[in-house]
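Enquirer: Just dropping this structure here.
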Amino acid sequence: MCGIVGYVGVKPAMPILLDSLEKLEYRGYDSAGVALISDSGIMIRKTRGRIADLRKIVASVPADDCTVGIGHTRWATHGEPSDVNSHPHLSKSGRVAVVHNGIIENYIELREYLRARGYSFSTETDSEVVSELIDYWYNGDPVAAVRKAEQQLKGSYALGILFAEFPEQIIALRKDSPLIVGIGEGENFIASDIPAILKHTREVFRLGERELAILTRRRVTVFDHLGNQVRHETEHIAWDATAAEKGGYSHFMIKEIFEQPDAIAKTIAPRIDDELNIRLGFKSITDEDIRNINSIKITACGSAYHVGVVAKHFLKKTLNIPVEAELASEFRYDDPIIDEHTLVIIVSQSGETLDTLYALREAKKRGARVVSIVNVVASSIANESEEVLYTWAGPEIAVATTKAYSTQLALIELLCLYMAGIRGSMTKAEIDGEIRAMQAIPAGVQSLLDNVKSVQYIASLYFNCQDVFFIGRNIDYALSLEASLKLKEISYIHSEAYAAGELKHGSISLIEDGTLVIALCTYRPLLEKMVSNIKEVKARGAKVIAVINHDDTQTEAVADHVIRIPECKDIAVASLTIVPLQLLAYYIASLKGCDIDKPRNLAKSVTVE
Ligand code: G6P
């Protein structure tokens, strides 16, 4: 998704903006640009392509005296990736420059409105309307112009705005799209995300909904949408700056895969006391509320949704109540049947995914109890949730999620055991056993990571394949969804996940000589049936890689290759099974020479519908 940065200070703004934009590359983008205040007005440089391309363009631009500027990485939604469609957009009068993240839903209507008043447009973007609209209302007072324009905007927006006549300030405004403010010494920053400015300051706050900030190098003043001044406490970001760097690994993705044991331990250990009691620190949801819950809905997008599909199985079995997992983009338009006895679990790494945020609002509107599982502290979803459980995975940079997925899964399992204890659906002794099994997950994941050679070998055999089918039953099917997504998003190999029992209802017609099938066979109650499915696809020429339990000889006898999961209790199996499949996707994509951390067309944080 688009990324925004802004700098106001005494140092040359250009290198700071370019460096900060590079830190936002993980969000996915196809073009980039900067706007700087110079002696002769606002200077714009922008291009289709990478920051490296932008660097070439600005190399010969004399900009050392420019100490105020904004920058943008664009992920095209309205209009193709091109130089002209790139941000910043400068109003035709040259008075106002804007960078925008989000979507202006009524931009066509606003274009007509402005055309009727003598304005014209040169891009296909929805964003250009913002710079022209602010320009239209500008009468010497930047804040008044921005607020007037805002009244006409429908949709989502984080905006960084420069006014040529106010060369020492940046104005920032947001609604439904993230924007943070960084406070430095004699310099201040805006950015879509923390890694962009971590090199310069660790003191940040998140701009609230519809808040407007005026940044000069000496101060930051914030107003709410009614014009009242708002004070924000800054949050000190303790991350090691290198946590947002690659630290010797070839890609962020593989670094993050290897960080999983630590991330899972950090997420669960502090929530388990010496007597193996689970402490979640709920503030408003009481034990009584938990006993009164009669159904659960988990809603999220992408991999976070896949966590929900896995979790559905064990929540249902453990708590003995109906549990559904639903895509957030469907949930909010599906008249969900929920009330105060429904627990809605929202899952989101970024805490900014727009569909998930809107699903959260829908759940609240309908009176549900809401617990959100989020990785980014004080993100929009965290801020708007009744209860938040943070995954402590640290910053995740690679677009394809790995450690966020694993920590979400572990945390939702812990929530499940916590509820089981309160509702009495498990005894303390049973829960203790499960907790011990969970405490062993980091070591289990580590042992898989210590033996990557066999996965690398399998990757070397199959990295040229055209199609891959993942099959599994029950939790294995839920894991197949994630394994298949991982492979397709970074390697661009066509892959599908099928519930193995569905094969005979259509997809088996696609199996021919040499087709690769990856069979997940860890769910013991249905193992025999999986073995039959493997035989069926092998009879039609498929090559089969099976992921199996440590003691499974039956599947080994029919598959072409096996990947063994170390011995563990059922509750830990899902957390371990996904790891070799993440690795397989990674090594296949790596052998194909793909841009692993920034796959084409994808974004880390999807802040548009
Ligand atoms: C994007 C990312 C996925 C992620 C999904 C949901 O599609 O590429 O990795 O699972 O968004 O993001 P969230 O931040 O809400 O977990």
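The values are calculated or read from the model by the stated rules, or taken from the named source; none is laboratory data. This one's a predicted model, so the numbers in the text were calculated from it and none came from an experiment. So basically every Cβ, Gly included, is an ideal-geometry build from the backbone, and we count neighbours across all protein chains shown. With ligands, DNA and RNA removed, areas are computed over all heavy atoms of the protein, side chains included. Shrake-Rupley method; radii C 1.70, N 1.55, O 1.52, S 1.80 Å.
Enquirer: If you wrap a convex hull around the C-alpha atoms of the stretch 3-238 and split its volume per residue, what is the figure in Å³?
Expert: On the way: hull volume 25.6 nm³, N = 236.
Cα convex hull per residue, to the nearest whole number: 108 Å³.
Enquirer: To continue, here is another question. Give the calculated FRET efficiency between GLU80 and ALA238 to the nearest 0.05, with a Förster radius of 41 Å applied to their Cβ-Cβ distance. Could you put the intermediate results ahead of the total?
Expert: Numbers: r = 41 Å, r/R0 = 1.00.
Approximately 0.50, to the nearest 0.05.
Enquirer: For the chain, what D do you get in µm² per second when you plug the Kirkwood radius from alpha-carbon pairs into Stokes-Einstein at 37 °C and 0.692 mPa s?
Expert: Working: Rh = 25.5 Å.
Rounded, D is 129 µm²/s.
Enquirer: Still on this structure: Applying a 10 Å radius around every beta-carbon, put 332-343, 95-106 in order of their mean neighbour count, most first. Before the final figure, lay out each step's value.
Expert: Details: 332-343: 15.9, 95-106: 25.3.
Answer by packing, highest mean first, reads 95-106, 332-343.
Enquirer: Would you kindly give the portion of the calculated P(r) for the stretch 64-108 that falls above 11 Å, as a percent of all Cα pairs?
Expert: Numbers: 724 of 990 pairs.
Within the stretch 64-108, distances greater than 11 Å cover 73 percent of Cα pairs.
Enquirer: Using a 7 Å offset from Cα along Cα-Cβ at ILE285, what residues in the stretch 434-452 end up with backbone N under 20 Å from the label point?
Expert: Residues 435 qualify, since their backbone N sits under 20 Å from the label point.
Enquirer: Sticking with this one: I want to check the label-to-label distance for TYR113 and HIS225. Put each point 7 Å from Cα in the C-beta direction and report it in nm to one decimal.
Expert: 1.5 nm
Enquirer: Just the Cα atoms of the stretch 242-439, one point each, no solvent: what log10 I(q)/I(0) does Debye give at q = 0.11, 0.16, 0.19 Å⁻¹?
Expert: -0.47, -1.00, -1.37
Enquirer: From the Cα gyration tensor of the stretch 306-393, with a ≥ b ≥ c the square roots of its eigenvalues, which class applies: rounded if a/c is under 1.5, or else prolate if a/b is larger than b/c, or else oblate? Provide the component values of the computation, followed by the final result.
Expert: Numbers: a/c = 1.58, a/b = 1.19, b/c = 1.33.
Oblate shape, in that a/c is at least 1.5 and b/c is the bigger or equal ratio.
Enquirer: Which value at 222 nm does the chain reach when only helices count, each DSSP H run of 4 or more adding -39,500 (n - 2.57), with the total divided by all residues and rounded to the nearest 500 deg cm²/dmol? Mind showing how you got there, number by number?
Expert: On the way: 19 runs with 214 residues, N = 609.
Calculated mean residue ellipticity at 222 nm is -10500 deg cm²/dmol.
Enquirer: While we're looking at this one, here's another question. How big, in percent, is the set of alpha carbon pairs in the stretch 244-358 lying more than 25 Å apart?
Expert: Percent of Cα pairs beyond 25 Å in the stretch 244-358: 37.
Enquirer: Expressed as a whole percentage, what fraction of the accessible surface of the stretch 437-546 belongs to carbon and sulfur atoms when a 1.4 Å probe is rolled over the protein heavy atoms? All intermediate terms of the calculation are to be shown ahead of the outcome.
Expert: Working: 2340 of 4570 Å².
Its accessible area is 51 percent carbon and sulfur atoms.
Enquirer: Roughly what % antiparallel, to the nearest 5, for the DSSP beta bridges in the chain?
Expert: Values: 59 of 101 bridges.
Of those bridges, close to 60 percent are antiparallel.
Enquirer: Still on this model: Work out how much length SER507 to THR553 would gain on full extension: take 0.36 nm times their residue separation and subtract the Cα-Cα distance, in nm to one decimal. Don't skip to the answer; put the middle values down first.
Expert: Details: separation 46, 0.36 × 46 = 16.56 nm, distance 2.71 nm.
Between SER507 and THR553, full extension yields 13.8 nm more.
Enquirer: Measuring from label point to label point, each 7 Å out along Cα→Cβ, what is the ALA443 to GLU330 span in nm?
Expert: A separation of 4.0 nm, rounded to one decimal place.
Enquirer: Here is a follow-up. Can you flag which of LYS56/LYS246; LYS266/LYS403; LYS297/LYS529; LYS488/LYS598; LYS23/LYS266; LYS11/LYS199 are past 18 Å Cα-Cα?
Expert: Numbers: LYS56/LYS246 24 Å; LYS266/LYS403 11 Å; LYS297/LYS529 29 Å; LYS488/LYS598 13 Å; LYS23/LYS266 25 Å; LYS11/LYS199 14 Å.
Over 18 Å Cα-Cα: LYS56/LYS246; LYS297/LYS529; LYS23/LYS266.
Enquirer: Quickly rank 405-411, 354-360 as a protection proxy: mean count of other C-beta atoms within 10 Å, highest first. Display every interim value, and only then the final one.
Expert: Working: 405-411: 28.3, 354-360: 25.7.
By packing density, highest mean first, the sequence is 405-411, 354-360.
Enquirer: Report the Cα centroid-to-centroid distance between the stretch 530-609 and the stretch 448-501 in angstrom, as an integer.
Expert: 4 Å
Enquirer: Over the stretch 526-609, what lengths in whole Å, largest first, do the semi-axes of the equivalent ellipsoid take, defined as the square roots of 5 times the eigenvalues of the alpha-carbon gyration tensor? Can you show the working numbers first?
Expert: Working: eigenvalues 177, 65, 35 Å².
Over the Cα atoms of the stretch 526-609, the semi-axes work out to 30, 18, 13 Å.
Enquirer: Provide the packing ranking of 311-317, 346-352, 587-593, i.e. peptides ordered by the mean count of other C-beta atoms within 10 Å per residue, highest first. Mind showing how you got there, number by number?
Expert: Values: 311-317: 20.3, 346-352: 29.4, 587-593: 18.6.
In descending order of packing, they fall as 346-352, 311-317, 587-593.
Enquirer: If you roll a 1.4 Å probe over the heavy atoms of the protein chains, what accessible area per residue do you get for the stretch 242-439, in Å²?
Expert: 36 Å²
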